[in-house]
Every structure is written in structure tokens, then in C-alpha cells.
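Here the structure comes first, spelled out in C-alpha cells, and everything after it is commentary.
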Amino acid sequence: MKRSLRFLTIVACSVVLGCEREVAGPERVLGPGPLELQVATPNADDGALLLAVSGGPVDSVTSSEFEVTALEVAAGDYRVLIHGGSIARVWVLDRGTRSAYVASVAQAVSRSTYERRAIAGYAVIITAGR
């Protein structure tokens, strides 16, 4: 009887200690750094995209591949013009607040004619960069 009780006590302690451990999952990225803006486009020949980005302060906007221009139109409300491509980095004070940021395509033009396009079918995905 004492053996069974001792065994059950050990099992119960193991279960309790096992429940206190943190569940493994993707690491939450905190602190200053970039948020990656990836644009899904229905067209193969976009010449420039005007993105609307809001949700908090932005320090700067960069791209390793394309020319980028950014303008703050109101507190926490930005317009980002990407020439010739569809990816940019928005540098923020805390990447842990990524879910507060929202981005959308406000305008798009063709590369060859600079004709404005309908923005239906465009989507902007925001992820925490490294």
C-alpha cells in the first residue's frame, strides 16, 4: 500500500511539474527592427505600388531591391511608394506590436504604360523581419 501511494505521489508531482513548462512554439520577435511587407499581386508587370500603412509609429522604410519613398500623412498613418517591385521593410520601435499594423495597396500602375489599375486582388502580408 505504501509503495502504491509513493508511486502515485511521484507520478502526480511529475504531472504538475510537466504542466508548468512553457509550450514550445514560434519565438515572438520583440524590440526594434523591421516588419516585412510582402505584396501578393494579380499582375506580373506592376510598375509602382502605393501602400497605405497604419497602426503605429514608423522610423523608416527600406527595400533591398527597389526604390522606396515614404510619407507620414497623419500620426501613425503612412503612404509608401514602391517603384518597380512589391516588397519593403517598415522599421518600427517594437516588432511585438506587429498585429497593430495594417497595410493595403491604395494604388497600382502598369510598368509599361503607367496606367492605373484596379486594386482588387492585391493583398499585403506583414511579418516580423530579422
Open item on the list: Please give the charge dipole size of the range 51-130, origin at the Cα centre, charges +1 on K and R Cβ atoms and -1 on D and E Cβ atoms. Round to the nearest 20 debye.
Closed with: 220 debye
- [ ] Could you bin all the Cα-Cα distances of the range 22-130 into 10 Å bins starting at 0 and give me the percent of pairs in each, rounded to whole numbers?
- [x] 15, 47, 27, 9, 2, 0
Open item on the list: If amide hydrogens are placed 1.01 Å from N in the peptide plane, which non-local residues have theirs closer than 5 Å to the one on Leu93?
Closed with: Asp59
Open item on the list: Taking all protein chains in place and a 1.4 Å probe, what share, in percent, of the accessible surface of the range 22-130 do carbon and sulfur account for?
Closed with: 54 percent
Task: For the range 48-120: relative contact order, % (alpha-carbon pairs under 8 angstrom, 6 or more apart) - done: 39 percent
- [ ] State in Å² the accessible area per residue of the range 55-130; use a 1.4 Å probe, count heavy atoms of protein chains only, and round to the nearest integer.
- [x] 59 Å²
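The values are calculated or read from the model by the stated rules, or taken from the named source; none is laboratory data. On a predicted model such as this, the values are computed, not experimentally measured, just so you know. A quick note on method: Cβ atoms are made from the backbone with ideal geometry, for glycine too, and the neighbour counts reach across all protein chains shown. Keep in mind that these areas ignore ligands, DNA and RNA; they rest on the heavy atoms of the full protein, side chains included. Shrake-Rupley method; radii C 1.70, N 1.55, O 1.52, S 1.80 Å.
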